[in-house]
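Have a look at the structure below before the remarks.
Read the figures in this text as sums done on the coordinates, not as results from a lab. No experiment lies behind these values; they were computed from the predicted model shown. As a convention, Cβ positions derive from the backbone with ideal geometry for all residues, glycine included, and neighbour counts pool all protein chains shown.
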Amino acid sequence: MVPPDSATLRSFPRNQVVVIVSYVDPRVVPEDNRITYAQFSLTRNITLTRRIFPAEHPVIRVVGGRAKNALRSLLTLEHHLGLGAIVVVHHTDYGVSHASSAEFKATFRDRAATTEQVAEIDAIDFDVIHDRDVRASVESDVRYLKESPWFGNGLQVVGFVFDLKTGTVDQVQ
């Protein structure tokens, strides 16, 4: 199937796209049917997503799955299509959960050739999530998106934690 061109996309009703913000991890594919959240129901009928993306919801993958790191992509979709819902997904046993922000920064400070480069690394918020905080990180991201002034009224935001050991996907309230 050939995807629609930009003019066709602009002709669709706005605020219908459901996007998934998730992680970069080869162990888990968010589009997998187990992880597309059959139990997730929107409070209004959102049907456009299947017209634009017949095989899947668009997925924005960022290390750690953090919403702030996906913001530029989310705003681009909001501008062009309008978003109906954002699904935030984090999982247990994140690779980034096994090091601290200080450890990440030390790795790159050692490579810095100038004080400006050190300052650039020091300014980065690696926003590390530890396994014990996965639920809290989802709650934080959902709250961040709901409180954002950049999205249209009525945007629905929901969060999930995918447990790699059990294979369960639990909605975070």
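Within the stretch 71-104, what residues put their amide N at less than 16 Å from the label point 7 Å along the Cα-to-Cβ vector of Q173?
Inside the label zone: nothing.
Amide H to amide H, which residues 5 or more places from L83 or on other chains are under 5 Å from it, using H placed in the peptide plane?
N15, G152
To the nearest 0.05, what FRET efficiency results for H80 and E147 with a Förster distance of 22 Å applied to their C-beta separation? List each step's numbers first, then the result.
Numbers: r = 23 Å, r/R0 = 1.03.
The pair H80/E147 has a calculated efficiency of 0.45.
Setting aside same-chain residues fewer than 8 positions from K146, which lysines have a Cα under 22 Å from its Cα?
Excluding near neighbours in sequence, the set is K68.
Please list, ordered by chain and number, the residues whose modelled amide H lies under 5 Å from the amide H of H91; skip anything fewer than 5 residues away on the same chain.
Correct list: F162.
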